[in-house]
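> What follows is a single structure, and I will ask about it in a moment.
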């Protein structure tokens, strides 16, 4: 049973189209697996649509269309997208019970890198957007992701397995928000590998010098 959800403001921002590409991927991955949040998002979308229908129409400037087309022409071309629905080859490393999030379809995966005993990490390359880093990471049962703090925001969606960090136990489908006030060590629970999708704004601050060196190497 899913017990940890994104804050209401994240769902509001998702409904309004105001989330960046990275946070949107993580929050959307949660909504895919959580009937409760999917229902809340449908309500928010319905309310937004009703408000839009009731709003007063405003006349556009005479050059509005030309200006919009000009701005579209100034947008850099995105790299070719993977065929919609296709799963990247690197995702074949994931456990069989770990569903590939629909929110990552079209994204490119970097190589899986070992970052210590029982730990792997993989960068997810977004087609657009910046301001942070999106990763998949896997932790074998009984192993941990080293203790660290955060410069800014860390959003985590558990795809399979479970971890504890001293605040709670996060299982399949659970969502965690950690900010600069949180310092934690993620310990994978017994039974199955824990695989998470994580968005990181800023850098992580590791207690261990070795962990900090490895983090710089992989770009965390």
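> Of all residues in the stretch 1-32, which are farther than 16 Å from residue 199 by Cβ and either within 12 Å of the chain's Cα centre (by Cα) or surrounded by fewer than 18 Cβ atoms within 10 Å (Cβ to Cβ) (or both)?
1, 2, 3, 8, 12, 16, 17
> Could you list, in sequence order, the residues of the stretch 191-220 that are assigned to a strand (DSSP E or B) and either crowded, with 16+ Cβ neighbours inside 10 Å or at pLDDT 90 or above (or both)?
Result: 194, 195, 196, 197, 198, 199, 200, 204, 206.
> Where in the stretch 131-190 are there strands (runs of 3 or more DSSP E), lying fully within it, with 1 or more residues that are closer than 18 Å to residue 118 by Cα?
Those strands (runs of 3 or more DSSP E) span 133-139, 144-150, 154-160, 184-188.
> Could you tell me which of the residues 118, 131, 106, 110 is more than 15 Å from the chain's Cα centre (by Cα) and either farther than 21 Å from residue 208 by Cβ or free of Cβ contacts under 8 Å to residues at least 12 places away in the same chain (or both)?
110
> Pick from the stretch 90-103 the residues that are surrounded by 18 or more Cβ atoms within 10 Å (Cβ to Cβ) and within 14 Å of the chain's Cα centre (by Cα): which of them is nearest to residue 27 (Cα to Cα)?
Selected residue: 103.
The values are calculated or read from the model by the stated rules, or taken from the named source; none is laboratory data. Just so it is clear, the structure is predicted and the values come from calculations on it, not from any experiment. Every residue, glycine among them, receives a Cβ derived from its backbone with ideal geometry; neighbour counts consider all protein chains shown.
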